[in-house]
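Only one structure is covered here, and it is reproduced in the block below.
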């Protein structure tokens, strides 16, 4: 259940209650694709890094180790040692981005695994069954992530099919939640808005899926190569048609600036691999901008990554040490860099919520965007 606590313009401050705890929104969901954050971060570390929600990947976990094995081991929470909310994506994005030789039909998608080439079928019912086995808090509806750019004709056919798929997801999840042996009978379903970069198709699709009772609604198919202003325009067009009493989730976004701008336009939830992926390559976020720790100027720098940061890494280690570890290909270097970036993102969301609580989000946005977007 979502409760809107405060609003400033379109920006929303809320609480989202789930069976695995209450999420303070706006919130960033930390991406643990295969039931772990890449870079050697455990679920127990995430508590210290101020994470509220972890996101896991349906496609990857279905292929390896297998969702039925995870269910037999008590579900994802027990499997990975995380007691907070978990969101599982539907697998749709990975089917369309990673799988080989995929074939789309009304029933679903046939594809070849990118791991071993075996042929697999996934449709709405299969995606719901996999996610029920994973026992996540929130399951995402199975949809087609439309390639950008796409023709208007193809986009229209695709979103019509995605509406039909959402109805099937809803029916199957209701059946699974009532079934004997289901570990999480309170699993939630989020519908996904698609429509490429056609504002009128986005609005039409949002109106259609909002009539199907979901626990939240996501905007998908953005941050896939289109310019940021186009993404912001689509959010602005769609937002008025998103239910006010349900959380809004912008999938796969993004940079700190993207997040600040999307909150300004009414979004509540975010996820992105950027903080962990960038960290593993030495690109670290600070409150003054982005640094590349691999640069030679940090070789003798005994200051922390960010003097304003109170994360466990900045409290204990220098830029010179972390640079050395990354250059020496020591796994600890990646771990420390990822810890810092995730802490930065989760702390950014705390600052966003505080600014909304205090009615100064407009000022916060104006101050932060020039700083957080620049490369030092």
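The values are calculated or read from the model by the stated rules, or taken from the named source; none is laboratory data. Quick caveat, the model's predicted, so the values are computed rather than measured. Every residue, glycine as well, gets a Cβ built from its backbone with ideal geometry; the counts of neighbours run over all protein chains shown.
Condition check: touching a residue at least 40 places away in the same chain (Cβ under 8 Å), part of a helix (DSSP H, G or I) and more than 24 Å from residue 25 (Cα to Cα). Does residue 279 satisfy that?
For residue 279, the condition - touching a residue at least 40 places away in the same chain (Cβ under 8 Å), part of a helix (DSSP H, G or I) and more than 24 Å from residue 25 (Cα to Cα) - is met.
Mind listing whichever residues of region 116-174 are on the phi > 0 side of the Ramachandran plot and surrounded by fewer than 18 Cβ atoms within 10 Å (Cβ to Cβ)?
First pass over region 116-174, keeping only residues on the phi > 0 side of the Ramachandran plot: 117, 135.
Within region 116-174, 117 is the sole residue that qualifies.
If you check residue 271 against the conditions, is it touching a strand residue (DSSP E or B) at 6+ places or on another chain (Cβ under 7 Å) and under 28 Å from residue 41 (Cβ atoms)? Please lay out each step first, then the result.
Values: touching a strand residue (DSSP E or B) at 6+ places or on another chain (Cβ under 7 Å): yes; under 28 Å from residue 41 (Cβ atoms): yes.
Yes.
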Residue 243 passes all but one of (1) assigned by TED's automatic domain parsing to the domain that holds residue 24; (2) closer than 20 Å to residue 372 by Cβ; (3) in a loop (DSSP other than H, G, I, E, B); which number fails?
(2)
Residue satisfying all of: in region 87-109; touching a helix residue (DSSP H, G or I) at 6+ places or on another chain (Cβ under 7 Å), assigned to a strand (DSSP E or B) and at pLDDT below 95; nearest to residue 140 (Cα to Cα) among these:
89
Of all residues in region 36-49, how many are surrounded by 18 or more Cβ atoms within 10 Å (Cβ to Cβ) and farther than 22 Å from residue 283 by Cβ?
1
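Please determine, by comparing only the residues of region 284-307 that are in a loop (DSSP other than H, G, I, E, B) and under 26 Å from the mean Cα position of the chain (by Cα), which one is nearest to residue 364 (Cα to Cα). Explain how you work it out, then say what you get.
Filtering region 284-307 for residues in a loop (DSSP other than H, G, I, E, B) gives 287-288, 293-295, 299-307.
Filter once more, keeping what is under 26 Å from the mean Cα position of the chain (by Cα): 287-288, 293, 305-306.
Working: 287: 13, 288: 14, 293: 27, 305: 23, 306: 19 Å.
Residue satisfying both the conditions and the ranking: 287.
When you go through 299, 308, 261 one by one, which is the residue that is crowded, with 20+ Cβ neighbours inside 10 Å and either farther than 22 Å from residue 368 by Cα or touching a residue at least 12 places away in the same chain (Cβ under 8 Å) (or both)?
Values: 299 fails: crowded, with 20+ Cβ neighbours inside 10 Å; 308 fails: crowded, with 20+ Cβ neighbours inside 10 Å.
The match here is 261.
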With surrounded by fewer than 21 Cβ atoms within 10 Å (Cβ to Cβ), touching a residue at least 60 places away in the same chain (Cβ under 8 Å), in contact with a strand residue (DSSP E or B) (Cβ under 9 Å, 6 or more places away or on another chain) and not in a helix (DSSP H, G or I) as the only criterion, which of 74, 84 stands out?
84
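Results for (1) in contact with a strand residue (DSSP E or B) (Cβ under 6 Å, 6 or more places away or on another chain); (2) buried (at least 20 other Cβ atoms within 10 Å of the Cβ), shown as yes or no for each residue.
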{"residue": "193", "(1), (2)": "yes, yes"}
{"residue": "196", "(1), (2)": "no, yes"}
{"residue": "207", "(1), (2)": "no, no"}
{"residue": "217", "(1), (2)": "yes, yes"}
{"residue": "221", "(1), (2)": "no, yes"}
{"residue": "224", "(1), (2)": "no, no"}
{"residue": "230", "(1), (2)": "no, no"}
{"residue": "235", "(1), (2)": "no, yes"}
{"residue": "242", "(1), (2)": "yes, yes"}
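Out of 24, 112, 52, report the one residue that is modelled with pLDDT under 95, in contact with a strand residue (DSSP E or B) (Cβ under 7 Å, 6 or more places away or on another chain) and either in the same structural domain as residue 194 (by TED's automatic domain parsing) or surrounded by 15 or more Cβ atoms within 10 Å (Cβ to Cβ) (or both).
Details: 24 fails: modelled with pLDDT under 95; 52 fails: modelled with pLDDT under 95.
After ruling out the rest, the residue left standing is 112.
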Does at least one position in region 45-60 carry a residue that is within 30 Å of residue 147 (Cβ to Cβ) and without any contact (Cβ under 8 Å) to a residue 24 or more places away in the chain?
no
